[in-house]
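The values are calculated or read from the model by the stated rules, or taken from the named source; none is laboratory data. As the structure is a prediction and not an experimental result, all values here were calculated from the model. All Cβ positions, glycine included, derive from the backbone under ideal geometry; neighbour counts span all protein chains shown.
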C-alpha cells in the first residue's frame, strides 16, 4: 500500500479546505490538479507548487469530464481524488426564491461528487483513493440549513454506496465529515462554532484519514461525540434544543 500520493486532483481548491489540502500535498511533492471556479484564486493556490489549474464548476458534468481528461493526458491518472468543492448557504422552504438555491446546493454538494469521481475511475490504479468531504451538518437537519444538511446527508450515503462499488477495483473511498473549519464559508455564521479548526490543521487531519483509508471519519474527534449525541437524541429533545437555534444567513450561492 503506497504511503505517498504522486498525483492528486482536488476540487474546491480556490480557497478554504481545498486550498489547504493543495498546500499539504504539494509540500510533500505531489503533482496536483486544482479545480475551482475562480482562476485568480486557483493560481494563487498553485503558486510555488507543481500544479495545473482547471477553471470549472463541479455542477457542470461536461466541464468536469474535460478537466479530468486533460489532467490524465498531461500528468497521468491520479492516485488520489479529493472532492472538496461545496456550497453552504442558508435556505427557507417557505421562501419561493430559495427553490433555486436548494437546487444549486444539492447539485454542487451531491452531483458534484459524481461529476468529480466518475471521469477518473476507469483510469485510476488499484490502491487509489477517492475522498469526499461531507459534514457533521448532515447528521441531523439544522433549521435554516435544510439544503445544506440534506445535501451532506445525501453525500455521506452516496459515498457509502460508492465505497462498496469500488472494492472490486481496489479503490478506497474515504468519507470525512468535518465540524467547523475557519474558512470564508463559516465566517458568516452568526453563532458559536465549537472546536473550530484552522484550515491547515483540518487539511492535515483529512490527509491522515486518507492515508489510513478510513471509511468514515469525523474531525476533530470532539465533534464525533457531538455527532453521536445529535444522532441519538429523541426528536422531542432535539427539537427543544435546536428549534430556535441561530441560522446561517440566506443568500445566493457564491
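Assorted remarks:
- Candidates in segment 64-82 are the residues that are assigned to a helix (DSSP H, G or I) and crowded, with 20+ Cβ neighbours inside 10 Å; of these, the one that is nearest to the chain's Cα centre (by Cα) is 64.
- The number of residues in segment 125-173 that are buried (at least 17 other Cβ atoms within 10 Å of the Cβ), under 13 Å from residue 79 (Cβ atoms) and modelled with pLDDT under 95 comes to 0.
- Residue 61 meets each of the listed conditions (1) in contact with a helix residue (DSSP H, G or I) (Cβ under 7 Å, 6 or more places away or on another chain); (2) farther than 25 Å from residue 180 by Cα; (3) crowded, with 20+ Cβ neighbours inside 10 Å apart from (3).
- Unmet requirement for residue 176, which otherwise passes all of (1) under 20 Å from residue 211 (Cβ atoms); (2) surrounded by fewer than 21 Cβ atoms within 10 Å (Cβ to Cβ); (3) at pLDDT 95 or above: (2)
- Any hit, segment 155-175, residues being touching a residue at least 24 places away in the same chain (Cβ under 8 Å), under 15 Å from residue 17 (Cβ atoms) and assigned to a strand (DSSP E or B): yes
- Verdict on residue 132 being closer than 24 Å to residue 63 by Cβ, part of a strand (DSSP E or B) and in contact with a strand residue (DSSP E or B) (Cβ under 7 Å, 6 or more places away or on another chain): yes
Each row is one residue, and each column tells you yes or no for (1) at pLDDT 95 or above; (2) on the phi > 0 side of the Ramachandran plot; (3) surrounded by 20 or more Cβ atoms within 10 Å (Cβ to Cβ); (4) within 17 Å of the chain's Cα centre (by Cα).
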residue	(1), (2), (3), (4)
3	no, no, no, no
7	yes, no, yes, no
26	yes, no, yes, no
44	yes, no, no, no
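- Check on residue 76, in contact with a helix residue (DSSP H, G or I) (Cβ under 8 Å, 6 or more places away or on another chain) and under 15 Å from residue 9 (Cα atoms): no
- Positions within segment 28-42 being out of contact with any strand residue (DSSP E or B) (no Cβ under 6 Å at 6 or more places or on another chain) and crowded, with 22+ Cβ neighbours inside 10 Å, in sequence order: 36
- Unmet requirement for residue 191, which otherwise passes all of (1) surrounded by 13 or more Cβ atoms within 10 Å (Cβ to Cβ); (2) at pLDDT below 95; (3) under 25 Å from residue 87 (Cβ atoms): (1)
- Contact annotation: residue pairs with Cβ atoms under 8 Å, 6 or more positions apart or on different chains, pairing a residue in segment 104-130 that is at positive phi with a partner that is crowded, with 18+ Cβ neighbours inside 10 Å, are 127/79; 127/171; 127/172.
- Within segment 90-124, if we keep just the residues that are farther than 24 Å from residue 174 by Cα and touching a strand residue (DSSP E or B) at 6+ places or on another chain (Cβ under 8 Å), the residue that is surrounded by the fewest Cβ atoms within 10 Å (Cβ to Cβ) turns out to be 95.
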